[in-house]
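Everything on this sheet refers to the single structure shown next.
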Number of protein chains: 2
Amino acid sequence: MNKTETLDTHLGIAAVERDTGLPKDTLRVWERRYGFPQPSRDAHGERLYPREQVDKLRLIRRLLDQGKRPSKIVTASTDELTRMLGEERNDITNAAPGAAQEALLPLLRGHNSPEVRAVLQQILLKQGLQRFVADTVAPLNVAVGDAWLRGEIDVPGEHLYTEQIHNLLRSAIGARTGPLGHPRILLTTFPNEQHSLGLLMVEAMLTPEGAHCVSLGTQTPLADICNTAAAGSFDIVALSFSAAFPARQAVDSLNELRRLLPPRIAVWAGGAAMRGQERKLPDVRVLASLDQTVEALAEWRRAHA
Amino acid sequence: MNKTETLDTHLGIAAVERDTGLPKDTLRVWERRYGFPQPSRDAHGERLYPREQVDKLRLIRRLLDQGKRPSKIVTASTDELTRMLGEERNDITNAAPGAAQEALLPLLRGHNSPEVRAVLQQILLKQGLQRFVADTVAPLNVAVGDAWLRGEIDVPGEHLYTEQIHNLLRSAIGARTGPLGHPRILLTTFPNEQHSLGLLMVEAMLTPEGAHCVSLGTQTPLADICNTAAAGSFDIVALSFSAAFPARQAVDSLNELRRLLPPRIAVWAGGAAMRGQERKLPDVRVLASLDQTVEALAEWRRAHA
DNA sequence: GATGCGAATTGTCCAGGACAAATACGATGA
DNA sequence: TCATCGTATTTGTCCTGGACAATTCGCATC
């Protein structure tokens, strides 16, 4: 009672959903509307997707994440798709030259985890935790994400990077001793946001400043955030949003959260999805960069001296 | 174009799939056949599941994972279900009476993060990393999961627990110095498996033994696992499965992975979803407990001496 | 440039039927 | 009593084709 892989070269619809992240319903409706994908059928009329079509679906998925529209890309040829992906590369690579990434990307491609760790560790020691996070990790995240997008590193390479950064930051934060004071800051993300690296980076920026950060991890329901913030006598609730998070939903949820929380608790929001949303969030402190977290902390302390 | 949560008390079918792990098709066919769940409808005829029915579905999911048959449990009352679950629980709770959990659960209810951390840290120091993971963290995971299921702790409480364990284990693993030798072990999970705690626990068991663990984090596609394992000259690929992971899918994917990898690379699989799957996995080393990871490592070394 | 509004696009849901894999059950033989 | 085998039931997943609301586009207006 279980389909998934049928032959080596053909996958069932469930397997394709798993591999590409495109829901079954979407795969069927694309076939109906655009004529692609066009899977063959087994003896019972069930769809069997050839590997090449699955590969193309993965390309489409990448472009979709970049904001392209399905009608423009689903019907395009594989060549056109790879060309489009190539164009994206230029825009971004120019924008973020970066220094460490040139050393790191080849290591990630080779899955050389000890070296990756060593290189990062060395930079961390030289720069100190806060500069490391703001000046190295933040641009590296962009560079690694881009490299993945244009296929220069694979999923394991990206995982390896994330994993090592996690390790490093957690150890560094954990190594800090001394009393934790004020303000008390609650860190988390909304449901549907799975990226925890942003939270960790904020924690790494604020803990050395003597703030008392408590991270709830990712995906905390709105109502639970409110209860915890109130019950734990927190001063600030800080939310993190990756680029993948729909901005509209973020704005709505943030305003709702602001409405539910007592006014004495501040709401901070940061991350890629927050770009240009300041106007729509009158009572939320939008943090455009990691350095602004430190600024915001200083402001809060001045206001509550 | 995004449904999920509609009101606080009612969830759309996609949200229920996400929360319970039961596919949309299954939810609909149960409704047709057994009359449960019986969601209300919104203005457009779309299903809206009340929270209590979702809770009951979670209970059902648990019992299903234990091998109960749907026809016996889908129509049963919530009371009967909790009773059934209670019977099962006795087996487990008796086996691991647990000392820490009585101290910890109230702290989690109160979101008292400094105390949670302090208590765990103390136990870790007393027991050492490996005993801590096997004897304390493992039963605690079950206890916390159950407490959440029964509504005794809330989402932030659970997050807080996970977060603190993560911090502790990462620091402890990171603190280890000395050369890392053989075997080289690749740790990860399949797509759809988001729980990273299991990976970290395995890493904590094996690193003190001198094994060279590399974790790719969660959700690595099958093909990528194969490539990395081969390219990085790994000796063992270890996969972790939480109770929420569908056992059938796990078995299929594992056998597929086993087929794709060269025979010299061993495949290990552990976690709650692996209970009783040994027969179906002839060429995979199924780890029923954390202590078995150490045993398996010793075996591997004997065989490759 | 920013804002507003109709039109096109697009993802997700629905119903109800079908079927094969998994499992239970009963009969048979050691 | 226990193992094996064939049949009946259970159960998850897939199918078609229709529908519709949320999002985005294109264009006109302020």
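The values are calculated or read from the model by the stated rules, or taken from the named source; none is laboratory data. The shown structure was predicted, so the numbers you read here are calculated from the model rather than taken from an experiment. Cβ coordinates were reconstructed from backbone atoms using ideal geometry, including for glycine residues, and neighbour counts include every protein chain displayed.
Structure above, values below:
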| item | result |
| --- | --- |
| Condition met for B:Gly12 (within 15 Å of DNA strand C (Cβ to nearest atom) and on the phi > 0 side of the Ramachandran plot) | no |
| Top-ranked residue in segment B:222-239 [being surrounded by fewer than 22 Cβ atoms within 10 Å (Cβ to Cβ) and among the polar types (S, T, N, Q); ranked as farthest from the other protein chains (Cβ to nearest Cβ)] | B:Ser233 |
| Enumeration of residues in segment B:287-305 that are at pLDDT 90 or above and surrounded by fewer than 18 Cβ atoms within 10 Å (Cβ to Cβ) | B:Asp291, B:Gln292, B:Glu295, B:Ala298, B:Glu299, B:Arg301, B:Arg302, B:Ala303 |
| Single residue of A:Leu149, A:Leu140, A:Leu180, A:Leu129 found to be at pLDDT below 80 and away from chain B (no Cβ under 14 Å) | A:Leu149 |
| Single condition A:Ile73 does not satisfy, out of (1) within 13 Å of DNA strand C (Cβ to nearest atom); (2) more than 14 Å from chain B (Cβ to nearest Cβ); (3) in contact (Cβ under 8 Å) with a residue 24 or more places away in the chain; (4) of a type in the set (A, V, I, L, M) | (3) |
| Members of segment B:35-56 found to be within 12 Å of DNA strand D (Cβ to nearest atom) and touching a helix residue (DSSP H, G or I) at 6+ places or on another chain (Cβ under 7 Å), listed by number | B:Phe36 |
| Tally of residues being within 18 Å of the chain's Cα centre (by Cα) and within 10 Å of another protein chain (Cβ to nearest Cβ) across segment B:204-220 | 6 |
| Residue satisfying condition, being surrounded by 14 or more Cβ atoms within 10 Å (Cβ to Cβ), in contact with a strand residue (DSSP E or B) (Cβ under 9 Å, 6 or more places away or on another chain), at pLDDT 90 or above and within 14 Å of chain B (Cβ to nearest Cβ), within set A:Leu124, A:Leu27, A:Leu48, A:Leu57 | A:Leu57 |
| Among (1) more than 11 Å from chain A (Cβ to nearest Cβ); (2) polar (S, T, N, Q); (3) assigned to a helix (DSSP H, G or I) - the single one B:Ser242 does not satisfy | (3) |
